[in-house]
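Novice: Mind looking over this structure? Questions follow.
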Amino acid sequence: MPENGNYMIAAYILVGVILSGYALSLYLRARRSLRP
Amino acid sequence: MRMLRVGRWITAIGLALLAGVYVRALAFTPIEQSQGLAQKIFYLHVPAAIWAETAMILVGLASIVYLFTKDPRLDRFAASSAEVGTVFCAIVLTTGPIWGKPIWGTWWTWDARLTFTLFLFLLYVGYLLLRSAIPDPAMRARYAAVLGICGMCEVPFIHLSVYMFPTLHPMPIVLQPGRPKLPWSMLSTWLLSLGVFTLLYVGFVVQRYAVSYFREQLEAAGEVGHA
Amino acid sequence: MRSPDLLRHAWAVASKDLLVEFRSRTAILSAAVFVVLVLVVFNFGRDPTAISNVDLAPSILWVTFTFAAILALNRAFQLELENQALDGLLLAPIERSSIYVGKLIANLVFVATIELIGVPLLALFFNVPVLSYLLPLGALIALATIGFVAVGTLFSAMTVRTRFAELLLPVLLLPFMIPPLSWAVLATGRVLAGRPLSEIAGWLNMLAVYDIVFVTLAIFLFPATVNE
């Protein structure tokens, strides 16, 4: 079996960062447009 | 306001369940023999791809109805769906090469499916750029709708040309007629992940919709320039 | 409105544009010089001992046409913005779609002129035998050009009224140009290699379907880009 666990870990971290980063950006944008 | 709260809750549940998908995929799903651990990227890659494409179709459908009814809610939905689609498309475009490097031995190849995803991403970026370049809301909505409809109509063409080129990409193994080739232990993880991405799409779109709504209220009140 | 009227009005719009173009001749001359320059620049970017001319010719041809067409399309509605000419055109008692068809015809004539200059120059500079394949090559160029000029005319009506019009048009248009371009490049390669027509029939069909879909779509969508 090939040894490529690092690639998997990188992909999982990246997806987590992208999704939670976008969620955070939405949260901040909503807050800013509510209290400008 | 209530809408924003609902969107935040859906997103929060989605993110919590995403952690669940990680645990299930890493600890409770068997390792594929020929590809090793890298195969597990598939549980995130394919659901993101499905929603990246579906979001474009939804943008197009909302745009068609918008041109007939001129309902601003549809325009807000189209803008939200396009933005969320861009994020999912970015996931597909980054996880794809990370899987391709150990399995194909190269980060990027001009394979038909990779090229298709890149086109989709460029379509989304163009759509968002066009929106940001027009200050007048009514004109922005009409122009974006025209581009959204053209984008939706282009998707089948890119799909067709995908089948005219040789491909390295694995053929779809989940959504094929007849019995799925995937064992249940893997399929259930994949289905869970698809459900989580669906939740995240809905949660993101609802929040983004609320943000557009607040911004429009502010623009109408003349407190800020357009954003 | 009856379709003879639509075509008559479209022709009126097109001939107006072409007359303006013919009187000044600046745009077409600049575009022609541009095509020559792009072809010359390509000459420096290749190693004639590594890749034979015939293998590279399709890419050179279509990249040149792509850039030239984008230049031409950017200019299509620019004329109408000066002195509010577009408002005058919209006040005329004609269907909005006929304005689009007229603009499409004018742009096609413009781009076809550039291509008529480009193909012989390609043959000359890169020693490509085009004479024996003139008919299939012409059909191929015509089908591909109609497709992307149709989409481009629709988009340029929108981008011309935004900021950064010259930049936004290629950004929006290129994702729509690349599918017909990629079919055209592959088919041109086959034609220039002297393969039978049946080998490129699939691509010609795809190009024809693309043309029909996007011309129809643009005729229906164009009114939405000018309604105030």
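The values are calculated or read from the model by the stated rules, or taken from the named source; none is laboratory data. Keep in mind that this is a model prediction, so the values were computed, not measured. Ideal geometry is used to build each Cβ from the backbone, glycine not excepted, and the neighbour counts take in all protein chains shown.
Novice: Could you grab me the full set of residues in region C:185-226 that are over 30 Å from residue C:6 (Cα atoms) and touching a Pro at 6+ places or on another chain (Cβ under 8 Å)?
Specialist: Matches in region C:185-226: C:185, C:186, C:188, C:189, C:191, C:192, C:197, C:200.
Novice: May I ask you to list the residues in region C:131-173 that are hydrophobic (A, V, I, L, M, F, W, C), surrounded by fewer than 18 Cβ atoms within 10 Å (Cβ to Cβ) and touching a residue at least 40 places away in the same chain (Cβ under 8 Å)?
Specialist: C:139, C:165
Novice: Given C:222, C:214, which one is in a helix (DSSP H, G or I), buried (at least 23 other Cβ atoms within 10 Å of the Cβ), touching a Ser or Thr at 6+ places or on another chain (Cβ under 9 Å) and more than 7 Å from chain B (Cβ to nearest Cβ)?
Specialist: Every option except C:222 fails the conditions.
Novice: Which number in (1) of a type outside the set (S, T, N, Q); (2) at pLDDT 90 or above; (3) over 11 Å from residue B:7 (Cα atoms) marks the one condition that residue B:226 misses?
Specialist: The failed condition is (2).
Novice: Another one. Given the options B:165, B:204, name the one that is in contact with a Phe, Trp or Tyr (Cβ under 9 Å, 6 or more places away or on another chain) and modelled with pLDDT under 90.
Specialist: Result of the check over B:165, B:204: B:165.
Novice: Among the numbered criteria (1) over 13 Å from residue B:144 (Cβ atoms); (2) in a helix (DSSP H, G or I); (3) within 12 Å of chain A (Cβ to nearest Cβ), which one does residue B:83 miss?
Specialist: With (1) over 13 Å from residue B:144 (Cβ atoms); (2) in a helix (DSSP H, G or I); (3) within 12 Å of chain A (Cβ to nearest Cβ) applied to residue B:83, the lone miss is (1).
Novice: Taking interchain pairs and intrachain pairs at least six residues apart, which have beta carbon atoms under 9 angstrom, with the first residue in region A:15-36 and at pLDDT below 95 and the second of a type in the set (Asp, Glu) and loosely packed, with under 14 Cβ neighbours inside 10 Å?
Specialist: A:36/B:223
Novice: Scan region B:13-40 for residues that are more than 25 Å from residue B:100 (Cβ to Cβ), under 24 Å from the mean Cα position of the chain (by Cα) and either touching a residue at least 24 places away in the same chain (Cβ under 8 Å) or crowded, with 19+ Cβ neighbours inside 10 Å (or both) and jot them down.
Specialist: Result: B:13, B:14, B:15, B:17, B:20.
Novice: Just one of (1) farther than 22 Å from residue C:80 by Cβ; (2) loosely packed, with under 15 Cβ neighbours inside 10 Å; (3) at pLDDT 85 or above trips up residue C:199, so point out which.
Specialist: Evaluating residue C:199 over (1) farther than 22 Å from residue C:80 by Cβ; (2) loosely packed, with under 15 Cβ neighbours inside 10 Å; (3) at pLDDT 85 or above leaves (3) as the failure.
Novice: Run down B:64, B:41 and say which single residue is among the aliphatic types (A, V, I, L, M), farther than 22 Å from residue B:202 by Cβ and in a helix (DSSP H, G or I).
Specialist: Step by step, each of B:64, B:41 is checked, and only B:41 is among the aliphatic types (A, V, I, L, M), farther than 22 Å from residue B:202 by Cβ and in a helix (DSSP H, G or I).
Novice: Taking only region A:1-15 into account, find how many residues are within 7 Å of chain B (Cβ to nearest Cβ) and assigned to a helix (DSSP H, G or I).
Specialist: Of the residues in that region, 8 qualify.
Novice: Kindly indicate whether any position in region B:92-114 is assigned to a helix (DSSP H, G or I), under 30 Å from residue B:138 (Cβ atoms) and not hydrophobic (A, V, I, L, M, F, W, C).
Specialist: Taking every residue of region B:92-114 in turn, none turns out to be assigned to a helix (DSSP H, G or I), under 30 Å from residue B:138 (Cβ atoms) and not hydrophobic (A, V, I, L, M, F, W, C).
Novice: Across region B:53-64, which residue is surrounded by the fewest Cβ atoms within 10 Å (Cβ to Cβ) among those that are aliphatic (A, V, I, L, M) and away from every other protein chain (no Cβ under 12 Å)?
Specialist: B:57
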